[in-house]
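The values are calculated or read from the model by the stated rules, or taken from the named source; none is laboratory data. In this text the structure is predicted, and so the values were computed from the model without any measurement. Glycine gets a Cβ as well: all are built from the backbone with ideal geometry, and neighbour counts include every protein chain shown.
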Amino acid sequence: MIRTRVGYAGGEKKNPSYHSLGNHTEVISIDYDPAVLKYEEMLNLFWSAHRCDQAGYSRQYMNALFYHNDEQKKAAQASVAKAAKAQGVSLDAVKTAILPVGEFTYAEAYHQKYYLTRYSDIRGFLGRTYADGKSLADSTVATRLNAYLGSGKDKDWDVFVKELSSYGLPKEIEDGLRRAVEKIER
Amino acid sequence: MKIRLLIGAVATSLLIMAGLATGEKLAKADGTVSAKTLPLDKRLASKKFETATFGLG
């Protein structure tokens, strides 16, 4: 996984925003290296997070697979059948949508790398480095920091510490992160 | 005096409303990567990638 960002996709409204979404859905967009990570692996993760007979609360918060090409479409369709069988759901009761992604609009900067808003020094540095929303959203460094400092488990702190010096963070921030990881690992 | 105050208040309100109405211009995905300043970002910006998109409820 190279980088992630959040935004709006799947609808027809020309310039959606959080307060004027039209029929778009809030989505996560993931750039990945197919030589390292297969689309099917992400589909497995997707299905582990929800049941295929649950549609989500609304179009805004819809469970959906947005495909970028025919290959992804076929893989998504095959995964629905597999998930339905595994979850004991008949195919006609499946509510998870499979749709073309269409145009992806980046969400507002304050929605990107949300967990980093708890760390004003890091967020401040990244905000100064990448003043426009798209750059911040496209940053792998911001993506990795957000993932490590956010919720979730199974984090490989050894990898984090090893690659930390390649992030190009100011020394005081990097040192602070190393100290924080030491505390976690104790 | 009252008229000047009133004009000032109206002008201030209009400026505030204009400021609130000016939303952030949101970018569209175009296959390019904008983050290229930090070393890791710079290195990965030229790496080939595919994109997957999910609605997670």
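Worth pointing out:
- Scanning the range A:156-186 for residues that are closer than 29 Å to B:A29 by Cα and of a type outside the set (G, A, S) yields A:F160, A:E163, A:L164, A:Y167, A:L169.
- Test: residue in the range A:44-63 that is crowded, with 21+ Cβ neighbours inside 10 Å, in contact with a Cys (Cβ under 9 Å, 6 or more places away or on another chain) and not hydrophobic (A, V, I, L, M, F, W, C): yes
- Taking residues in the range A:39-65 that are free of Cβ contacts under 8 Å to residues at least 40 places away in the same chain and farther than 12 Å from B:G55 by Cβ, and partners anywhere that are in a loop (DSSP other than H, G, I, E, B) and among the β-branched types (V, I, T), the pairs with Cβ atoms closer than 8 Å and at least 6 places apart or on different chains are A:R51/A:V89.
- Residue in the range A:42-50 that is facing chain B (nearest Cβ under 9 Å), touching a His at 6+ places or on another chain (Cβ under 8 Å) and more than 30 Å from B:S46 (Cβ to Cβ) present: no
- Single match in A:G88, A:G22 (criterion: more than 7 Å from chain B (Cβ to nearest Cβ), over 24 Å from A:K134 (Cβ atoms), of a type outside the set (D, E, K, R) and surrounded by fewer than 17 Cβ atoms within 10 Å (Cβ to Cβ)): A:G88
- Output for the range A:119-129, where each listed residue is over 17 Å from A:S166 (Cβ atoms) and within 13 Å of chain B (Cβ to nearest Cβ): A:G127, A:R128
- The range A:6-101 holds strands (runs of 3 or more DSSP E) entirely within its bounds, and those carrying 1 or more residues that are at pLDDT 95 or above and under 16 Å from the mean Cα position of the chain (by Cα) map to A:25-32, A:63-67.
- None of A:A147, A:A142 is away from chain B (no Cβ under 11 Å) and part of a helix (DSSP H, G or I) except A:A147.
- Criterion violated by B:I3 - all others in (1) at pLDDT below 90; (2) surrounded by 11 or more Cβ atoms within 10 Å (Cβ to Cβ); (3) among the hydrophobic types (A, V, I, L, M, F, W, C) satisfied: (2)
- Being exposed (fewer than 15 other Cβ atoms within 10 Å of the Cβ), under 20 Å from A:H50 (Cα atoms) and not aliphatic (A, V, I, L, M) holds for only one residue in A:Q77, A:Q72, and it is A:Q77.
- When the range A:118-139 is filtered for residues that are farther than 21 Å from B:G31 by Cα and of a type in the set (F, W, Y), the ones remaining, listed by number, are A:Y119, A:F125.
- Failed item in (1) closer than 20 Å to A:T143 by Cβ; (2) touching a helix residue (DSSP H, G or I) at 6+ places or on another chain (Cβ under 7 Å); (3) surrounded by fewer than 21 Cβ atoms within 10 Å (Cβ to Cβ), with A:T4 passing the rest: (3)
- Of all residues in the range B:26-57, those that are under 22 Å from the mean Cα position of the chain (by Cα), facing chain A (nearest Cβ under 7 Å) and outside any strand (DSSP E or B) total 9.
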